[in-house]
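Working notes for the structure below.
Throughout, read-outs are computed from the coordinates displayed, never taken from laboratory work. This one's a predicted model, so the numbers in the text were calculated from it and none came from an experiment. FYI the Cβ positions are ideal-geometry reconstructions off the backbone, even for glycines, and counts take in every protein chain you see.
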């Protein structure tokens with residue numbers, strides 16, 4: 001499916017449903033994505049497109065109402081979905097870790113931040129209390145928190161949002177995981193802090209050859225920090241490709257609209273294009289094969305047919321799209337050249 | 001920490017001032033003319049006037065207030081007309097009985113309500129969740145005086161498991177030597193297990209009656225706050241870190257969920273001290289509640305006012321303790337203090 | 001962006017037409033009743049109690065105050081469904097007749113604290129300043145007492161009458177209404193629609209009475225229904241200890257008190273029936289309060 005020969009994380013044709021009072025929400029369908037060691041992949045899309053559902057499923061912390069109805073998730077060759085609760089929990093926080101948005105509320109408000117790091121260490125390592133404390137302080141230093149001995153005893157409310165995010169990164173990286181999932185890590189932070197946090201994530205990922213899945217709706221950020229980008233729309237991955245190729249010549253109409261709707265691609269605000277329509281209601285029984293079809297200007301009769309990710313062209317084995325009527329590489333390249 | 005506690009103590013001062021003003025207003029609002037009341041139906045105009053001067057009723061209200069506060073501080077809370085004893089001494093004498101009952105009732109309620117609320121929150125939609133909902137709705141609907149009677153009927157009259165619902169000890173037992181005033185503790189100090197058993201038997205029904213009433217708000221709050229905390233972002237972080245479910249549940253969720261429960265405890269104490277009066281009447285419990293009711297029936301007002309004041313001061317004190325406990329659990333409150 | 005649509009938010013937006021609003025309300029009502037059949041039972045009980053209170057005198061088989069309509073202390077029988085008390089009065093008749101008094105006290109007290117507390121709270125929330133400080137202080141001072149104890153003190157001081165029971169119950173409930181009204185007005189004080197009304201040249205009082213107060217009524221109604229049961233309990237508790245209602249008047253609390261001494265000798269029916277009916281009434285109002293809250297404010301469903 002994916003071009004990676006030996007992926008660290010491999011999501012294979014995953015389907016996730018939520019059973020709710022209002023009907024079954026088909027939140028993910030036929031989603032495939034792979035991450036290699038040391039690679040940073042961006043997962044972009046509108047709110048509600050299923051980015052977090054995918055990452056929660058990978059971590060095994062999905063909502064109680066969620067059901068994985070098809071597909072597989074493999075981590076370093078192990079089948080995660082087959083793992084029992086305890087084995088999965090032993091993996092979480094040690095091999096794979098996650099950081100979240102709004103760091104100030106994502107930390108326990110009434111526990112010293114150092115203790116929160118220690119909790120993870122106590123869970124996953126055999127360190128004795130004194131060594132744990134030393135390691136927790138070391139973790140704080142690693143995320144460039146000044147005066148870590150003193151910060152150890154701080155509570156989240158005493159720290160700024162950026163500091164809290166650093167603490168969360170310290171918690172996530174305390175056991176030196178091989179995979180980091182960063183779910184909108186800069187949402188809720190101010191702009192200057194955002195850059196500092198992203199640089200920190202990039203540095204630490206590079207130092208440790210850690211695979212990083214960056215979930216964001218900020219295309220500019222994805223472009224700056226990711227090696228590859230996967231675009232999600234309404235529970236489908238519609239396009240995956242190397243960052244530069246994807247930005248230079250988006251092939252899926254949705255990706256193209258998404259880039260056009262982002263300040264990075266447009267020369268002025270006036271050129272920012274809105275995307276028509278909303279995400280389709282995922283509870284509908286008659287969801288079309290292509291969930292973008294109803295918003296798509298290029299819709300045609302063939303769009304009713306079943307659809308899967310496939311190489312965008314003979315020359316690009318790493319650039320995949322799910323579209324019957326893709327844009328031609330030449331056309332989009334020409335348009336984007338105009339902005340550059 | 002000490003400083004924070006001192007600040008909280010200072011924070012209670014306005015409440016105490018408010019309470020004293022209200023009780024003062026209540027004493028001056030006695031039906032009719034207090035002087036005429038104290039002079040009795042046969043009192044002549046001169047006698048009434050004399051009492052008026054003696055009571056200080058001829059002076060201005062601020063002056064009266066100052067002397068009222070002075071009396072309170074000196075421990076002169078007036079005399080009970082029926083027993084002839086100073087009100088403060090009577091109250092001090094009976095307070096341990098009321099406190100013992102209230103605290104045991106609260107303890108019972110907490111021991112049942114908190115696990116119930118936690119279990120209900122961790123298993124939404126399960127039978128225990130429905131049980132919790134049922135208990136919380138039914139519990140607040142129970143008139144304490146009625147449940148008390150019902151329990152007495154079932155466990156004393158029908159089953160004979162409980163002793164007759166009269167007082168703190170059965171008639172053949174003697175009260176243990178006074179140390180704390182709590183018979184359960186004092187009898188243990190004296191090493192008198194027989195008295196302990198007798199006191200416990202007398203205590204159990206009234207304590208259950210009280211517990212049944214305050215169980216509901218406690219369980220309801222525990223469940224709601226636990227549900228809220230369990231869906232909080234930091235619980236997701238803890239789960240994503242692979243922490244053990246017990247760590248997530250207790251160290252992360254429960255300690256945070258406890259904060260709103262502690263706040264509710266203030267309201268619970270209000271209920272508890274109020275229903276305490278009713279339960280004392282049902283079980284002929286010799287506490288300050290029965291004392292106040294006896295005085296009310298005899299139109300003896302000084303003990304009633306003393307009782308209201310004592311209860312209010314006790315309540316202020318309990319709220320203060322809750323505040324301190326809150327500060328111990330929540331570092332943010334420590335800072336604000 | 002958790003993709004779990006919560007049940008409360010999945011209702012599709014309804015156009016702000018009258019029929020749309022009614023349809024939404026109706027659907028919510030069906031949802032609340034369907035979700036919790038107890039709500040339907042509570043609504044039925046509510047109607048039952050209202051009928052009892054309204055039609056009581058025409059329903060009762062005996063004069064509730066007449067003694068020796070049956071043998072004293074006779075257990076429930078075909079002639080006296082709930083038995084008779086020590087004076088041979090018919091307990092069923094007394095329980096039915098008491099409905100009006102018990103509900104009347106509670107309704108009067110709640111109405112009083114709703115109007116006074118609501119207005120005080122609305123003014124305090126809207127204008128702030130010294131009135132806000134004073135009313136907050138008053139409500140804090142009331143809350144510094146165990147409420148039932150304060151009610152006892154008030155009735156003892158003001159005089160042992162039914163009117164004073166109403167007054168005392170109203171006073172101890174005042175802070176709840178004051179707080180809700182104050183908070184609800186405060187959050188709306190600077191809202192767009194209020195600002196618009198002000199810019200349209202409405203005076204402050206007009207804005208408060210025509211634009212803000214109607215908007216805070218739903219949460220106030222919830223407070224009322226949550227409060228009713230407690231008000232009934234309080235009033236019955238006060239008469240149980242001998243305050244307010246005097247014998248031989250029929251009232252649930254006092255009837256339980258009259259039956260209390262017979263419980264230990266096995267004559268259970270004297271206290272049981274008034275106690276049960278009292279419990280049922282309080283239960284009905286509490287359930288109704290919960291349902292109403294679910295209906296008006298689905299977010300606070302617990």
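Sequence-distant contacts, meaning Cα pairs under 8 Å at least 6 residues apart, place the relative contact order of chain C at 22 percent.
If eta is 1.306 mPa s and T is 10 °C, what Stokes-Einstein diffusion coefficient results for segment B:95-288, Kirkwood Rh from Cα pairs, in µm²/s?
Working: Rh = 18.1 Å.
Stokes-Einstein gives a translational diffusion coefficient of 88 µm²/s.
Taking B:264, B:237, B:209 in turn, the Gaussian network model of chain B (Cα-Cα springs below 10 Å) assigns the largest fluctuation to B:237.
Calculate log10 I(q)/I(0) of segment C:124-201 for q = 0.14, 0.22 Å⁻¹, where I(q) comes from the Debye formula with a single equal point scatterer on each Cα and nothing for solvent. Cα-only, vacuum Debye calculation for segment C:124-201: -0.58, -0.96. Return one number: the angle in degrees, 0 to 90 and rounded to the nearest 10, between the long axis of the Cα atoms of helix B:255-282 and the longest principal axis of the Cα atoms of chain B. It is inclined by approximately 40 degrees.
Remark: A:227, A:276 ranked as A:276, A:227, counting other beta-carbon atoms within 10 Å and listing the fewest first.
Beta-bridge orientation, chain A: approximately 60 percent antiparallel, per DSSP, counting only bridges with both partners inside. Taking every alpha-carbon pair under 8 Å whose residues sit at least 6 apart, chain B reaches a relative contact order of 26 percent. Compute the Cα gyration tensor for chain A, then decide on rounded, prolate or oblate, letting a ≥ b ≥ c be the square roots of its eigenvalues: rounded whenever a/c is under 1.5, prolate when a/b is larger than b/c in the other cases, and oblate in all that remain. Prolate shape, in that a/c is at least 1.5 and a/b is the bigger ratio. Subtracting the Cα-Cα distance of residue C:198 and residue C:215 from 0.36 nm times their residue separation leaves 4.6 nm of extension gain.
With the simple model of a label 7 Å out from the Cα in the direction of the Cβ, residue B:81 to residue A:206 spans 9.1 nm. The orientation-averaged projection of the convex hull spanning the C-alpha atoms of chain B amounts to 22.3 square nanometres. Note on the protein assembly as shown: percent of Cα-Cα distances in each 20 Å bin, starting at 0 and stopping at the bin with the largest distance, equals 11, 34, 31, 17, 6, 0.
As a proxy for reagent exposure, ranking C:30, A:164, A:303 by other Cβ atoms within 10 Å from fewest up yields C:30, A:303, A:164. Fewest neighbouring Cβ atoms within 10 Å first, the residues C:258, C:204 line up as C:204, C:258.
Anisotropy class assigned to segment A:96-176 is prolate, per the alpha carbon gyration tensor with a/c at or over the 1.5 cut-off and a/b larger than b/c. Compared with the dominant principal axis of the Cα atoms in chain C, helix C:37-59 is inclined by about 50°.
Summarising the label geometry, the points placed 7 Å from Cα in the beta-carbon direction at residue B:154 and residue A:199 lie 7.1 nm from one another. For segment B:132-206, the equivalent ellipsoid derived from the Cα gyration tensor has semi-axes of 29, 15, 10 Å, listed largest first.
Rounded to the nearest 10 degrees, the inclination of helix C:252-263 to the longest alpha-carbon principal axis of chain C is 40 degrees. If you run the Gaussian network model on chain C, springs between alpha carbon atoms under 10 Å, then out of C:262, C:177, C:126 the most flexible one is C:262. Shape summary: segment A:274-323 maps onto an equivalent ellipsoid whose semi-axes, from the alpha-carbon gyration tensor, are 23, 13, 11 Å in decreasing order. Each listed q (0.07, 0.09, 0.13, 0.16 Å⁻¹) maps to a log10 I(q)/I(0) for chain C, found by the Debye formula over equal Cα scatterers with no solvent: -0.36, -0.57, -1.01, -1.27. Note on residue A:65 and residue A:127: the extension gain reaches 18.7 nm, defined as 0.36 nm multiplied by sequence separation minus the Cα-Cα distance.
Between A:94, A:144, A:166, the Gaussian network model of chain A with springs among Cα atoms under 10 angstrom shows the greatest mean-square fluctuation at A:144.
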